[in-house]
Every structure is written in C-alpha cells, then in structure tokens.
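Reviewing the structure listed below.
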Amino acid sequence: VENYIEDCLKSIMDQTFSDFECLIVDDCGEDSSIDVARSIISEYTGNASFEIIESEKNGGISVARNKGLKRATGEFLMFVDSDDKLCPNALELLVAMTEKYPGVDLVQGNILCDRNSKYWNIAGRFPEFSSNRYWIREQILLWHIPISVWGKLYRRDLIVSNDLTFMEGYMHEDVAWLFDFQKYISSIAFVEDMCYYYRTDNCSSMMHNANKDRTYSLLSYLALYK
C-alpha cells in the first residue's frame, strides 16, 4: 500500500478529535509502505499517539489485526485499512455518539466510496440508536449493516471479555468477526455523516485478490460457515 499509506495516515493525523492512539502493524510487506509510515510519523507534532508494531514475518490481515487488538488500550477501537482514509471529523462524530448514548457497544458511520459515490448509506434507513438485540442481530446477519470491520467504533471491553479474535489463514475474516461480535452486542448507534472513505482502486487489495482467486475465496467462505 505504499501508494496509499501517506493519505491514510495523514487523514488520521488531521482528525478534529485527537485523544486517540494509532497502532500501525508492520506485516512485513515487500514494498516500502512501512518506511513511508515511519517518515510520516517522525514529522507528526500533534496530540495523538502513533506506534508501529513490528512483525517477524508476513502473516496476513487477520494476524495483523489480532496484534493490534492485543496492544490496544483505548475504551473504543476502530479498524482502518491502510489503503483507505478517514473523513476529517470521523472520530469526533463517532465518539460523540458514545457520549450521547453511554454504554453503546457499536457505532456505525456512513461510508463514502471512490469518486463520491455512496458505498453504503444509512440516511432514512436506521434509527440513531437501538438497544433491541433481536433487531440488531437481524440487521447484521442479513448484511443490512456492512460486514466490513472498518467504518465502525467498537467497545473494546466487549471484545476483550469475550476473547474475540480474527480467524487467521482465510479471506473474508470480516464475516466471521462480525458474526462473533453480534452474539454479545446490546446496543448500536448510527452516524449519518460520511466518516470513512473506502478505496476500490488498489489492485493488490484483498477485494481484488478475492475476485482473481475464486477457489481460495470459496474455501474461505466454507471454513467460515462451518
């Protein structure tokens, strides 16, 4: 992601909310992504905390996310893919919902796709807040709420107390993760403003690889469903 990591990190550094830690997992890729990341971090002078977690070998996205989960200390947690970006006030908007609805387990923000098209739009579709566990479970299991792990704010103690981790060695780990998480969720809030910018032009991304390697993709889905 050497062509995208600068935009990603700067979008995080430029957040209007700055009381956060950003954990960057070096998954030992073959390009210069981590060198770019180190250079950008060295020039940062803001209030947020940036840390690089080094790996001994490439393990894949699930391994990287599990390392981040293990190291994280914040009250809430968010995943950002390194070829995507956050909208400038994303964290401010998402955190505001955790203050408006104390104890909320999950906050879902709106998602912007390439060239300002809407990847997913919550406007008029969902209430601002719900504590109806049956309704929440239904929305997640029917994929009415995106199954991607990014674009969401998770209460971290819910993850830790239930020992939730990403299934390693497979594609589509988002599906298994959200399926596990929904078992324990009691409340959800929605932000209608655009919070997350999702790129589709990275040809080396997992999405493009899934389209190319349909056998691996199918075997991964079978393992997850099992």
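The values are calculated or read from the model by the stated rules, or taken from the named source; none is laboratory data. Just so it is clear, the structure is predicted and the values come from calculations on it, not from any experiment. Please note: Cβ atoms are built from the backbone with ideal geometry, for glycine as well, and neighbour counts cover all protein chains shown. Just so you know, the surface numbers come from the protein's heavy atoms only, side chains and all, with ligands and any DNA or RNA stripped out. Shrake-Rupley method; radii C 1.70, N 1.55, O 1.52, S 1.80 Å.
Each peptide in 55-64, 177-186 was scored by the mean count of other Cβ atoms within 10 Å over its residues; highest first, the order is 177-186, 55-64.
Solvent-accessible area of His172, all protein chains in place: 40 Å² (probe radius 1.4 Å, heavy atoms, ligands and nucleic acids excluded). The stretch 49-123 and the stretch 137-182 have their alpha-carbon centroids 12 Å apart. Segment Tyr134..Tyr221, full-extension length gain: 28.8 nm, with 0.36 nm per residue of separation and the alpha-carbon distance subtracted. Protection proxy ranking, highest mean first, for peptides 91-102, 28-39, 75-86, 215-226: 75-86, 91-102, 28-39, 215-226, where packing is the per-residue count of other beta-carbon atoms within 10 Å, averaged.
Test of the criteria: in the stretch 120-190, which GluC sites (Glu not before Pro) are in a DSSP loop and have at most 16 other Cβ atoms within 10 angstrom of their Cβ? Before the final figure, lay out the partial values.
Working: sites: Glu128, Glu138, Glu168, Glu173; in loops: Glu128, Glu168.
The qualifying sites are Glu128, Glu168.
Across the options Gly29, Thr45, Asn58, the greatest Cα extent toward the positive end of the charge dipole of the stretch 1-59 (unit charges at beta carbon of Lys, Arg, Asp, Glu) belongs to Thr45. Note on Lys70 and Glu30: the model spin-label points, each 7 Å out from Cα along the C-beta direction, lie 2.6 nm apart.
Can you work out the accessible area per residue across the chain, with the rest of the protein chains kept in place, probe 1.4 Å, in square angstrom? Don't jump to the answer; show the numbers that get you there.
Details: 11910 Å² over 226 residues.
On a per-residue basis, 53 Å².
Arg125 exposes around 120 Å² of accessible area when a 1.4 Å probe is run over every protein chain in place. Given the alternatives [x] 25, 22, 18; [y] 32, 18, 17; [z] 34, 21, 16, semi-axes √(5λ) of the Cα gyration tensor in Å as computed for this entry is given by [x].
The mean sequence distance of close C-alpha pairs (under 8 Å, at least 6 residues apart), as a share of the length of the chain, puts its relative contact order at 25 percent. Length gained on full extension, Arg214 to Ile53, computed as 0.36 nm times the residue gap minus the Cα-Cα distance: 54.8 nm. Greater than 29 Å separation of Cα atoms is the criterion. Which listed pairs, Lys85/Lys226; Lys100/Lys226; Lys10/Lys226; Lys57/Lys183; Lys10/Lys67, meet it? Too far apart for the 29 Å limit: Lys85/Lys226; Lys100/Lys226; Lys10/Lys226; Lys57/Lys183.
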